[in-house]
1. Could you tell me how many of the residues in the stretch 56-78 are in contact with a helix residue (DSSP H, G or I) (Cβ under 9 Å, 6 or more places away or on another chain) and touching a residue at least 12 places away in the same chain (Cβ under 8 Å)?
2. When you scan the stretch 144-158, how many residues do you find that are buried (at least 18 other Cβ atoms within 10 Å of the Cβ) and not in a strand (DSSP E or B)?
3. In the stretch 114-139, what residues are out of contact with any helix residue (DSSP H, G or I) (no Cβ under 8 Å at 6 or more places or on another chain) and farther than 25 Å from residue 159 by Cβ?
4. Considering only residues of the stretch 206-221 that are over 19 Å from the mean Cα position of the chain (by Cα) and assigned to a loop (DSSP other than H, G, I, E, B), which is modelled with the highest pLDDT?
5. So which of 60, 89 ends up being at pLDDT 95 or above and either farther than 20 Å from residue 187 by Cβ or part of a loop (DSSP other than H, G, I, E, B) (or both)?
6. Name, by its number, the condition in (1) in contact with a helix residue (DSSP H, G or I) (Cβ under 8 Å, 6 or more places away or on another chain); (2) farther than 24 Å from residue 35 by Cα; (3) part of a helix (DSSP H, G or I) that does not hold for residue 111.
7. Filter the stretch 119-141 down to residues that are over 26 Å from the mean Cα position of the chain (by Cα) and either part of a loop (DSSP other than H, G, I, E, B) or surrounded by fewer than 20 Cβ atoms within 10 Å (Cβ to Cβ) (or both), then give me how many there are.
8. Residues being in a helix (DSSP H, G or I), within 24 Å of residue 188 (Cα to Cα) and either in contact (Cβ under 8 Å) with a residue 40 or more places away in the chain or outside the structural domain of residue 256 (by TED's automatic domain parsing) (or both): count how many of those fall in the stretch 272-306.
């Protein structure tokens, strides 16, 4: 898969089949559309292209929007790489870009820059300044500029929308199993291990304190989870606590992971943790000893759960 940081950087002479969208989560519904895209490209001897935008349009057009995304841009690229997609165009979304008229967008971006011969798009797709143009306009443009439009059915699109909504709601509720079912992979958080208050060490449970790489990343509900990660080519399991550590008077939200049967210094290293299942919600205990006992039970749960997966 080749990546381009804007439509103007796309330097491919071949015509293409293209689909357009944010594809946040790259979940099972998205993958069905991408499979269709790749198959159509092969059938018609064309290249497959996904045109997506960054930042997310709502981040630009709604400044007070506190939108959280299932994937960071780098996670999205990592997932798209596995779909068989030929070309990924990540076009910068700016206010200036949002003011392009429908004809400017189709003629200058889709046709002249990306060389679209076929566009696979949802029936409810809207584009151009103030999102005034729809799929019927796109079909008219196709007659003018020599491309065809294949419509993604209402049912298929509804499945995509429902999946995205269910994934976000599940993560916000701490329901990792449901989120993973719709994603088709384990939800992940990527970032860097930073120094914390070393509270875990005083409890005999030293933790890696993960700072997510992007502020817009959706973080699951506060609680304790079974996770896994690949560290130095080694697959390791762990227990991740998301929350403010209320028992010891914490106030800042942290993402701390105690890795089972693993003891290496991870400070300042990149780390990606994958969430397997939820153990319990965050609780305030009546003292450090009670907290330690709860962590012991969390570890026991995690070890037993991991055995069931082997």
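The values are calculated or read from the model by the stated rules, or taken from the named source; none is laboratory data. The structure presented is a predicted model; accordingly, all values stated were derived computationally and were not measured. For neighbour counting, all protein chains shown are included, and Cβ atoms are generated from backbone atoms with ideal geometry for every residue, glycine included.
1. So the count comes out to 8.
2. So the answer is 2.
3. Of everything in the stretch 114-139, those that are out of contact with any helix residue (DSSP H, G or I) (no Cβ under 8 Å at 6 or more places or on another chain) and farther than 25 Å from residue 159 by Cβ turn out to be 115, 117, 130.
4. Applying the filter and picking the extreme gives 207.
5. Only one candidate qualifies: 89.
6. (2)
7. Looking only at that region, the number is 9.
8. 8
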